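Everything below concerns the one structure shown next.
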């Protein structure tokens with residue numbers, strides 16, 4: 001279907017179903033229960049899942065396929081955000097032109113940076129992209145303040161021209177981004193017993209965009225172009241020996257992945273119309289590297305999983321404080337309770353970065369394929385258990401065949 | 001003229017820090033072939049060694065002095081550091097005052113130990129893996145180290161002063177024949193530069209004039225042959241990793257009075273130090289030192305008012321700009337050797 005193989009169609013289908021049902025799946029606890037704080041089903045966080053999912057999918061198209069480790073991808077995200085907010089300020093609050101412009105701007109920016117950076121590879125490429133991203137960040141904070149809003153960030157204002165819709169909404173408030181009248185922050189709430197589910201227009205819009213982006217990524221993975229990129233990853237010298245120039249392919253991959261980052265940035269601005277330079281700081285670039293590696297570099301679904309995991313930790317795990325921990329372990333004798341809480345405490349709450357760092361190191365050391373490889377290994381283990389039982393029969397058969 | 005000298009001096013302290021970190025980085029790269037993204041974290045740990053020592057020395061007990069009262073009329077609580085009890089009030093006060101320089105002695109064994117543990121425990125397993133994996137795992141390690149420090153010391157910078165003798169500034173201009181008050185320079189920054197020069201000199205002398213250093217240099221240029229001669233080069237490289245960690249740590253210790261340390265200072269310096277290494281030439285020790293000072297001084301020139309008027313924002317980007325130009329025109333860096341990390 002849609003030009004995909006059977007397995008890919010299934011994968012796309014599963015992702016689509018998960019995306020549609022996410023407000024249910026991530027909201028497993030009733031509103032007033034003690035576990036309600038683990039509900040991740042609120043629109044703000046769900047949007048972040050899919051937006052960073054797009055960012056990571058795009059990053060994976062570069063790093064996963066060509067093996068070029070970029071440490072400056074957040075620059076494209078930031079540029080995309082700025083472009084979208086400018087579109088909101090100048091043209092219209094409709095998200096379509098804003099996102100189109102952010103993808104385009106990020107793409108042009110990626111052509112420029114990629115053309116220069118891709119002259120080198122390996123660690124030098126990483127440093128070059130890092131240098132460009134840091135330059136962009138520093139300039140956005142200082143000289144480019146008229147364009148970027150400097151430290152306060154770029155925000156909407158009542159005095160903006162907004163050629164198509166007029167400056168302010170009917171009530172004289174700041175207008176909000178929307179899609180032909182459907183406002184991005186519109187949401188419908190559904191109460192089922194003690195559960196409260198929120199369905200937001202913004203989330204479903206971003207989710208749809210992510211599905212499109214994911215579909216496109218599958219097509220790129222399976223295309224001859226994707227094959228070429230993999231060839232470059234495994235041995236660039238041989239590619240050169242066969243008379244092919246690798247540069248245009250890597251540049252194309254770089255630009256595509258930059259456009260994905262721009263798309264994510266544009267969506268971010270569409271959900272919340274402001275843009276700041278801190279989105280471009282190099283730790284933000286490091287974050288997308290973490291997401292991709294954690295989920296599984298070079299796999300289709302891995303980056304999305306990684307993005308989800310990191311954003312979940314950032315927003316949910318970081319909220320656990322020592323009172324909650326004491327609450328959980330209240331059934332234990334006092335001394336033991338304090339002891340256990342004091343052991344766990346550094347790893348959660350504000351210390352979630354520590355857990356993230358440890359998980360990341362473990363993944364790089366033991367599971368270079370990320371969570372996806374972990375899942376595959378477990379699946380293989382289970383399958384082997386099952387097949388152990390009929391092993392004797394199988395052996396007899398092979399012996400007979402010989 | 002005086003403005004130029006002042007900018008050069010201003011560039012020296014940052015340049016010294018860049019040079020020391022970059023020296024360690026390139027030492028690790030040259031010996032073990034590992035790109036160490038956790039090197040900034042080692043710099044930070046060094047700084048926190050100084051903070052720890054200063055806190056330890058300031059550990060005190062409280063007594064109530066009945067003869068004096070505070071402004072509320074309550075008996076005054078007097079805190080006496082234990083050090084003052086042990087060494088007498090004057091010597092004790094002097095020890096506390098000199099806690100930052102004393103931390104050098106405290107930091108060297110700790111940093112060498114951390115470096116050796118890091119190499120034996122983690123990095124050893126990554127020699128055969130691609131550079132990208134080395135970058136990623138050390139990046140993860142940097143996050144972990146940084147968060148551990150944040151857990152114990154909090155997120156705020158911790159001011160730790162230099163000894164009283166070195167606080168304040170002096171008139172450097174008069175020393176070299178300018179008019180008074182033209183070139184005022186803080187003492188500690190000069191101390192930092194001198195210290196950096198000594199450390200760099202010591203590392204070079206160690207490599208150049210000792211048998212150990214000779215073997216290490218031989219191992220850097222041809223590891224296999226050295227191994228065939230029956231020398232355990234791995235053990236020597238492990239020790240070099242410890243020394244590189246100590247160099248970064250010392251840079252951190254002495255940097256404390258210039259900038260109060262916080263948990264992410266390592267990351268801030270790391271990015272720039274990598275740029276320095278690349279500009280100097282991957283694997284070239286003199287290149288790293290030279291590029292460190294060069295970029296430090298360039299940065300300080302770029303932040304002169306006259307320059308910013310012409311090229312606004314140049315002070316923010318000058319280092320990266322230089323790095324990009326160098327990488328594109330001289331791919332091996334200023335002093336890079338042939339055959340080191342050529343793609």
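The values are calculated or read from the model by the stated rules, or taken from the named source; none is laboratory data. Because the structure is predicted, anything quoted here is derived from the model rather than measured. Virtual Cβ from ideal backbone geometry, glycine too; neighbours counted across all protein chains shown.
Kindly indicate the residue of the range A:353-366 that is surrounded by fewer than 19 Cβ atoms within 10 Å (Cβ to Cβ) and over 20 Å from residue A:319 (Cα atoms) and also nearest to the other protein chains (Cβ to nearest Cβ) among those meeting that condition.
Ranking the qualifying residues of the range A:353-366, first place goes to A:365.
Taking residue A:305, is it assigned to a helix (DSSP H, G or I), more than 14 Å from chain B (Cβ to nearest Cβ), buried (at least 20 other Cβ atoms within 10 Å of the Cβ) and touching a residue at least 40 places away in the same chain (Cβ under 8 Å)?
Against the criterion (assigned to a helix (DSSP H, G or I), more than 14 Å from chain B (Cβ to nearest Cβ), buried (at least 20 other Cβ atoms within 10 Å of the Cβ) and touching a residue at least 40 places away in the same chain (Cβ under 8 Å)), residue A:305 qualifies.
Would you be able to say whether some residue in the range B:30-45 is within 30 Å of residue B:308 (Cα to Cα) and under 13 Å from the mean Cα position of the chain (by Cα)?
Yes, some residue in the range B:30-45 is within 30 Å of residue B:308 (Cα to Cα) and under 13 Å from the mean Cα position of the chain (by Cα).
For the range B:128-147, what are the residues that are more than 15 Å from residue A:71 (Cβ to Cβ), more than 7 Å from chain A (Cβ to nearest Cβ) and either in contact with a helix residue (DSSP H, G or I) (Cβ under 7 Å, 6 or more places away or on another chain) or in a helix (DSSP H, G or I) (or both)?
B:145, B:146
Of the residues A:90, A:101, A:21, A:61, which is without any contact (Cβ under 8 Å) to a residue 12 or more places away in the chain and out of contact with any strand residue (DSSP E or B) (no Cβ under 8 Å at 6 or more places or on another chain)?
A:21
When you scan the range B:117-127, do you find a residue that is within 25 Å of the chain's Cα centre (by Cα), loosely packed, with under 13 Cβ neighbours inside 10 Å, away from every other protein chain (no Cβ under 14 Å) and in contact (Cβ under 8 Å) with a residue 24 or more places away in the chain, even just one?
Among the residues of the range B:117-127, not one is within 25 Å of the chain's Cα centre (by Cα), loosely packed, with under 13 Cβ neighbours inside 10 Å, away from every other protein chain (no Cβ under 14 Å) and in contact (Cβ under 8 Å) with a residue 24 or more places away in the chain, which makes the answer no.
Which condition from (1) modelled with pLDDT under 90; (2) more than 14 Å from chain A (Cβ to nearest Cβ); (3) crowded, with 24+ Cβ neighbours inside 10 Å is the one that residue B:249 breaks?
(1)
Considering only the range A:186-299, give the helices (runs of 4 or more DSSP H) lying wholly within it that have at least 3 residues that are in contact (Cβ under 8 Å) with a residue 24 or more places away in the chain.
The helices (runs of 4 or more DSSP H) meeting that bar are A:201-222, A:224-234, A:246-271, A:282-295.
Please pick out the residue among A:342, A:322 that is modelled with pLDDT under 75 and within 14 Å of another protein chain (Cβ to nearest Cβ).
Testing whether each residue is modelled with pLDDT under 75 and within 14 Å of another protein chain (Cβ to nearest Cβ) leaves just A:322.
The conditions are (1) under 30 Å from residue A:368 (Cβ atoms); (2) within 14 Å of another protein chain (Cβ to nearest Cβ), and residue B:154 fails exactly one of them. Which is it?
Just one mismatch for residue B:154, condition (1).
Residues that are within 11 Å of chain A (Cβ to nearest Cβ), at least 2 per element: which helices (runs of 4 or more DSSP H) completely within the range B:272-343 meet that?
Ranges flagged: B:314-329.
On the basis of being within 22 Å of residue B:142 (Cα to Cα) and over 12 Å from the mean Cα position of the chain (by Cα), does residue B:282 make the cut?
Yes; evaluated as a whole, the condition is true for this residue.
So, in the range B:174-188, exactly how many residues are crowded, with 20+ Cβ neighbours inside 10 Å and either part of a helix (DSSP H, G or I) or modelled with pLDDT of 85 or more (or both)?
So the answer is 1.
Report yes if residue A:130 is over 28 Å from residue A:225 (Cβ atoms), within 14 Å of another protein chain (Cβ to nearest Cβ) and part of a helix (DSSP H, G or I), otherwise no.
No.
Take the residues in the range B:311-326 that are over 24 Å from the mean Cα position of the chain (by Cα) and modelled with pLDDT under 80, then tell me which one is nearest to residue B:278 (Cα to Cα).
Step by step, filter the range B:311-326, then rank; the result is B:314.
Given the criterion more than 14 Å from chain B (Cβ to nearest Cβ), in contact with a strand residue (DSSP E or B) (Cβ under 9 Å, 6 or more places away or on another chain) and at pLDDT 75 or above, identify the matching residue among A:153, A:178.
A:153
Please work out which residue is nearest to residue B:321 (Cα to Cα), limiting yourself to the range A:88-125 and to residues that are assigned to a helix (DSSP H, G or I) and within 7 Å of chain B (Cβ to nearest Cβ).
A:116
Out of curiosity, is residue B:220 under 29 Å from residue B:13 (Cα atoms), in contact (Cβ under 8 Å) with a residue 60 or more places away in the chain and in a helix (DSSP H, G or I)?
So residue B:220 does not fit the description; no.
Which one of these does residue B:241 not meet: (1) touching a residue at least 40 places away in the same chain (Cβ under 8 Å); (2) assigned to a loop (DSSP other than H, G, I, E, B); (3) more than 14 Å from the chain's Cα centre (by Cα)?
(2)
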